[in-house]
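The values are calculated or read from the model by the stated rules, or taken from the named source; none is laboratory data. Source: prediction; values computed, not measured. When we count neighbours, we look across all protein chains shown, and the Cβ atoms used for this are built from the backbone with ideal geometry, even at glycine.
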Amino acid sequence: MQGPDSLSIVVLAGGFDRVHYALVMASAAAATNRKVTLFFTGRALRALVHEQEPGVLGWHDLDAADDGSRPTERDHYFAKNGLATFEELLDACVALGVTVMACEMGLKALGLPPGAGLRPDVPVQKGGVVTFLNESPAGGAMLFV
């Protein structure tokens, strides 16, 4: 039995492990020729925030990992153990054509002005829940992380 040919992921939780795994799912689905959309909202939007100081990307400010470690510590652990890092996964999503959306309401809630403060290396489409739902193919899988 063949699964759906598209995957839409709502990335709501701001915990590092959850956002990291959403990127794992998105990159794997895109690598297997599925249409993928990541809809970032809530605290997870920090993953798309441009660095405020050199070398400190927004995902460094995500909530602690499930083991209580800081996002940078957990990411270093992944790299040391041959697992994909946050930046590697995000780069893969961009290279594989994953649609990355930022919730306009979520941006306002974080105090970010529309169109400002997001990473320039990640093509981000801004929109709301209606936009996300309209672009999610009927019959596709939808996950909430």
Scan the range 30-65 residue by residue and report those that are in contact with a Gly (Cβ under 8 Å, 6 or more places away or on another chain) and in a helix (DSSP H, G or I).
A30, G42, R43, A44, L45, R46, A47, L48
Restricting attention to the range 96-119, the residues that are exposed (fewer than 12 other Cβ atoms within 10 Å of the Cβ) and at pLDDT below 90 number exactly 6
Which condition from (1) in contact with a Ser or Thr (Cβ under 8 Å, 6 or more places away or on another chain); (2) farther than 12 Å from F39 by Cβ is the one that S69 breaks?
(1)
Has the range 129-141 got at least one residue that is outside any helix (DSSP H, G or I) and over 16 Å from V36 (Cβ atoms)?
no
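Would you say A79 is surrounded by fewer than 19 Cβ atoms within 10 Å (Cβ to Cβ), of a type outside the set (D, E) and in contact with an Asp or Glu (Cβ under 9 Å, 6 or more places away or on another chain)? Don't jump to the end; show me each part of the working.
Details: surrounded by fewer than 19 Cβ atoms within 10 Å (Cβ to Cβ): yes; of a type outside the set (D, E): yes; in contact with an Asp or Glu (Cβ under 9 Å, 6 or more places away or on another chain): yes.
Yes; evaluated as a whole, the condition is true for this residue.
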Considering the range 104-125, residues that are in contact with a Leu (Cβ under 7 Å, 6 or more places away or on another chain) and part of a strand (DSSP E or B), and then whichever is nearest to A26 (Cα to Cα), we arrive at V124
Just one of (1) surrounded by fewer than 18 Cβ atoms within 10 Å (Cβ to Cβ); (2) assigned to a helix (DSSP H, G or I); (3) of a type in the set (A, V, I, L, M); (4) within 16 Å of the chain's Cα centre (by Cα) trips up A92, so point out which.
(1)
If you go through the range 131-138 one residue at a time, do you hit one that is surrounded by fewer than 12 Cβ atoms within 10 Å (Cβ to Cβ), at pLDDT below 95 and within 22 Å of F16 (Cβ to Cβ)?
no
Residue in the range 52-68 that is surrounded by the fewest Cβ atoms within 10 Å (Cβ to Cβ), counting only those that are small (G, A, S) and in contact (Cβ under 8 Å) with a residue 12 or more places away in the chain:
A64
Output yes when any residue across the range 77-92 is free of Cβ contacts under 8 Å to residues at least 12 places away in the same chain, among the aliphatic types (A, V, I, L, M) and more than 18 Å from L45 (Cα to Cα), and no when none is.
yes
